[in-house]
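The structure under discussion appears below in the form of structure tokens.
Bear in mind these aren't lab numbers, they're just calculated from the coordinates by the rules spelled out. Source: prediction; values computed, not measured. FYI the Cβ positions are ideal-geometry reconstructions off the backbone, even for glycines, and counts take in every protein chain you see.
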Amino acid sequence: MPGLGSRIAQRLLFPPKSLLDWLTRKPKVVDGEAIDRHAQWILAVANATGRSMPSMGPRGARRYYAQLSWLLEAQPPEIEEARDVELNMRDGNTCRARVYRPKGTPASKPLPGLVFFHGGGHTIGSIETHDVFCQRLCAGSGCIVVSVNYRLAPEEPFPAALHDSYDATVDVARRADEFGIDPGRLAVGGDSAGGNLAAAVSIVARDEQGPPICLQLLIYPGVGGIDHPGRQNPGLQEGFGLDAKTTRWFYENYLGDHTDADPRFSPLFLENHAGLPPALVVIAHFDVLRGEGIEYAEKLEAAGVPVTRLRYADLLHGFVTMSVLPRAAEAITEIAESLRVLHDD
């Protein structure tokens with residue numbers, strides 16, 4: 001049962017439509033586009049608290065993000081099952097993951113698979129914060145989704161998260177029969193930092209002759225290193241959830257003593273993008289990472305990699321874990337349905 005504080009927060013975040021229209025009568029506009037009204041109000045409530053993740057520290061930010069994720073997720077769709085498993089890592093340890101199977105699919109029928117890496121700046125987030133989104137991806141795509149609980153920074157800086165993500169992908173490919181996945185239709189994906197990891201895993205798999213990856217799903221990915229010029233857009237520096245200050249904090253946590261010139265950290269810095277898997281790139285207009293996501297899509301296209309773009313002119317960074325927003329729910333459905341290309345023989 002949610003506590004009194006949670007119930008009050010939910011009522012504050014979701015006023016009646018007539019009141020919402022009045023509260024957002026002055027729409028926020030950046031580069032000629034207006035943000036979704038409900039998203040604008042949720043941002044106004046969040047910004048009024050004056051709280052920032054860097055000031056909370058990693059542990060506090062993780063608790064805050066977990067609470068926020070719970071508040072902003074709607075009831076998930078029905079799926080056949082969700083079960084936790086342990087995936088094998090290179091050092092002999094294991095990493096927890098959650099396997100989601102679509103409803104009405106017999107276990108004997110191999111399905112396309114998506115190894116998913118959650119967002120959160122490599123510092124926050126978990127398979128729990130992205131549980132509802134993964135259920136939506138599973139139900140909408142008809143794919144088996146394997147969500148990976150990789151190690152977090154700053155306790156475990158680069159390349160720990162990448163090693164976990166790549167090793168998880170390798171182990172899922174090895175155990176494809178066990179998970180009911182067709183190894184010839186295995187994709188990787190993630191949102192934000194998870195998009196960074198999906199892009200990096202695709203690079204490592206290509207360069208090390210790893211498991212064949214048929215698609216990389218990159219949802220508003222952070223791929224441009226610590227000082228990408230796109231983050232200097234004055235309209236997006238602050239006020240839209242993920243701001244420039246928090247982005248730098250996340251990157252510094254993950255970078256540790258390493259240089260961001262490593263293309264496994266900053267996939268935009270890769271010299272040759274040819275031969276990477278086809279990409280589905282999702283861009284949110286109200287996002288400080290927007291510029292680097294667009295640039296990465298262009299880099300892939302220039303190298304001959306097939307790219308499908310989904311652009312949401314009225315949504316913000318993080319919308320895939322905000323399914324209570326009707327507009328975000330629509331976008332999530334479109335993303336999931338776009339993965340049905342994996343069913344093509």
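Here are the numbers:
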item: Environment charge at Lys103 (Cβ cut-off 10 Å; Lys +1, Arg +1, Asp -1, Glu -1); result: -2
item: Backbone HN-Hα couplings from phi across the range 117-132 [Karplus 6.51/-1.76/1.60, Hz, Gly and Pro as x]; result: 10, 5, x, x, x, 6, 10, 10, x, 6, 5, 6, 5, 10, 5, 5
item: Relative contact order of the chain, defined on C-alpha pairs under 8 angstrom at six or more residues apart (%); result: 18 percent
item: The chain: most fluctuating residue of Val282, Val172, Val305 per GNM, C-alpha cutoff 10 Å; result: Val305
item: Isotropically averaged projected area of the range 81-181, using the convex hull of Cα atoms (one quarter of hull area), nm²; result: 6.0 nm²
item: Whole-number Å³ per residue for the convex hull built on Cα positions in the range 56-110; result: 118 Å³
item: Net charge over other residues, Cβ less than 15 angstrom from the Cβ of Arg37 (K, R count +1; D, E count -1); result: 0
item: Cα-based helix-to-principal-axis angle, 4-13 vs the chain, degrees rounded to 10; result: 80 degrees
item: Calculated over the range 205-296: convex hull of Cα atoms, volume per residue (Å³); result: 105 Å³
item: Bins of 10 Å from zero: percent of alpha-carbon pairs in the range 154-234; result: 18, 45, 27, 8, 2
item: 3J(HN,Hα) from dihedral phi, the range 58-68, Karplus parametrisation 6.51/-1.76/1.60, rounded to Hz, x for glycine, proline; result: x, 5, x, 5, 5, 5, 4, 5, 4, 5, 5
item: Summed side-chain charge close to Ile181 - residues other than Ile181 whose Cβ falls under 13 Å, Lys, Arg +1, Asp, Glu -1; result: +1
item: Given 12 as the ceiling on other Cβ atoms within 10 Å, longest exposed-site-free region of the chain for trypsin sites (Lys or Arg not before Pro) in DSSP loops; result: 104-345
item: Per principal axis, descending, Cα span of the chain in whole Å; result: 54, 45, 36
item: Under-5 Å amide H pairs with Leu217, H placed in peptide plane, nonlocal only; result: Val188, Gly189, Gly190, Leu280
item: Set of lysines with alpha-carbon distance to Lys109 below 19 Å, sequence-local pairs under 8 removed; result: none
item: Angle in degrees between helix 193-207 and the longest Cα principal axis of the chain, rounded to the nearest 10; result: 20 degrees
item: Fluctuation leader among Pro157, Pro27, Pro221 - the chain, Gaussian network, Cα springs under 10 angstrom; result: Pro27
item: Lysines with Cα under 29 Å of Lys28, excluding same-chain neighbours fewer than 8 positions away; result: Lys17, Lys245
